[in-house]
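Presented below is the structure to which this report refers.
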């Protein structure tokens, strides 16, 4: 149940409306006018709430449901206690997401510029933007319409940010061209120097990093994540990518469309990812690797060589997932001997 101090409840909604939103069938049409105030978990749901029940492994919990209504599958519907209105949905998980979007929203600040913000006279700010306290926007920055730049964020000179973007509290965007509908979470660092040094006469001398960060449309980059700018070529984050908190993307990395990088993933310089690559938490990549489209990398894996499109790998060094499971099974048996 969402705390009204932090989220806006757009309800209540009738069960008829909820069935429409979730693309579900309301089994008892006489209940179509029943009003639902909250979306809740099975364990906390009560009268006036609706919950979702779709995990076959949790069948025993069906008897505990005390909500006014439940969205479930045709297979699990007979397990729902009497008195609870049943809505049958082909994909209850998707229905949950749709109802969540419809019922709740986050407060959005009204357009305006805080008196404490420092904005260069050469910066261009689109219509409907909110610029928060102590924001710094440097020379020749271009920001599109309906953007939210939260407190203490810094947009360095020359950067371009598209429409409907949100830059979180304390984030810093530098050397970056960003598309539309992007969300850079608080504390993220975009476009700082790549980690490039050369040992000269016993000293590590910094190699100038002259590239940029190019971010596509509909990209989310999590809190305290770092995306370095390129050395000469650009670092590229493709459309629809989702980068979790505390991820490190090094210089010259190229991510295709729809890639997912889970927390604490680290990608060394000049790796190239295809589309829809998924990386579990704490995965690490050596430099100059090619990761094919649709590849999946299990958590805590170490990648030292190229991965073919569609491959599923795990381990350090990573091997095909079936080989990894065989290794684990062998070690477990060996220990018992």
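The values are calculated or read from the model by the stated rules, or taken from the named source; none is laboratory data. Note that the structure is predicted; figures quoted are calculated from it, not measured. Note that each Cβ is placed from the backbone with ideal geometry, even for glycine, and that neighbours are counted across all protein chains shown.
Details
- Filter pass, residue 70 being over 30 Å from residue 33 (Cα atoms), crowded, with 19+ Cβ neighbours inside 10 Å and within 30 Å of the chain's Cα centre (by Cα): no
- Of 170, 95, all but one fail to be surrounded by 18 or more Cβ atoms within 10 Å (Cβ to Cβ), in a loop (DSSP other than H, G, I, E, B) and either at pLDDT 95 or above or under 26 Å from the mean Cα position of the chain (by Cα) (or both); the exception is 170.
- Of all residue pairs spaced 6 or more apart or on separate chains, those with beta-carbon atoms under 7 Å, a first member in segment 219-230 that is assigned by TED's automatic domain parsing to the domain that holds residue 194 and at positive phi and a second member that is part of a loop (DSSP other than H, G, I, E, B) and surrounded by fewer than 21 Cβ atoms within 10 Å (Cβ to Cβ) are 224/187; 224/245; 224/246.
- Restricted to strands (runs of 3 or more DSSP E) entirely inside segment 223-337, those with at least 1 residues that are over 19 Å from residue 184 (Cα atoms) are 312-314.
- All of 267, 303, 291, 307 fail the test of being surrounded by 21 or more Cβ atoms within 10 Å (Cβ to Cβ), farther than 16 Å from residue 248 by Cβ and in contact with a strand residue (DSSP E or B) (Cβ under 8 Å, 6 or more places away or on another chain), apart from 307.
- For segment 24-35, filtering for residues that are free of Cβ contacts under 8 Å to residues at least 60 places away in the same chain, surrounded by 12 or more Cβ atoms within 10 Å (Cβ to Cβ), out of contact with any helix residue (DSSP H, G or I) (no Cβ under 6 Å at 6 or more places or on another chain) and not in a loop (DSSP other than H, G, I, E, B) leaves 1.
- When residues of segment 45-69 are limited to those that are in a strand (DSSP E or B) and touching a residue at least 24 places away in the same chain (Cβ under 8 Å), the one farthest from residue 16 (Cα to Cα): 53
- Conditions (1) part of a loop (DSSP other than H, G, I, E, B); (2) closer than 30 Å to residue 166 by Cβ; (3) in contact with a helix residue (DSSP H, G or I) (Cβ under 7 Å, 6 or more places away or on another chain): number failed by residue 42: (2)
Per-residue answers, yes or no, for (1) surrounded by fewer than 22 Cβ atoms within 10 Å (Cβ to Cβ); (2) more than 15 Å from residue 183 (Cα to Cα); (3) modelled with pLDDT of 95 or more:
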{"position": "223", "(1), (2), (3)": "yes, no, yes"}
{"position": "226", "(1), (2), (3)": "yes, no, yes"}
{"position": "229", "(1), (2), (3)": "no, yes, yes"}
{"position": "237", "(1), (2), (3)": "no, no, yes"}
{"position": "242", "(1), (2), (3)": "yes, no, yes"}
{"position": "245", "(1), (2), (3)": "yes, no, yes"}
{"position": "251", "(1), (2), (3)": "no, yes, yes"}
{"position": "257", "(1), (2), (3)": "yes, yes, yes"}
{"position": "262", "(1), (2), (3)": "yes, yes, yes"}
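- Matching residues, segment 54-67, being surrounded by 13 or more Cβ atoms within 10 Å (Cβ to Cβ) and in contact with a helix residue (DSSP H, G or I) (Cβ under 7 Å, 6 or more places away or on another chain): 54, 62
- None of 164, 152, 180, 134 is closer than 30 Å to residue 12 by Cβ and assigned to a loop (DSSP other than H, G, I, E, B) except 164.
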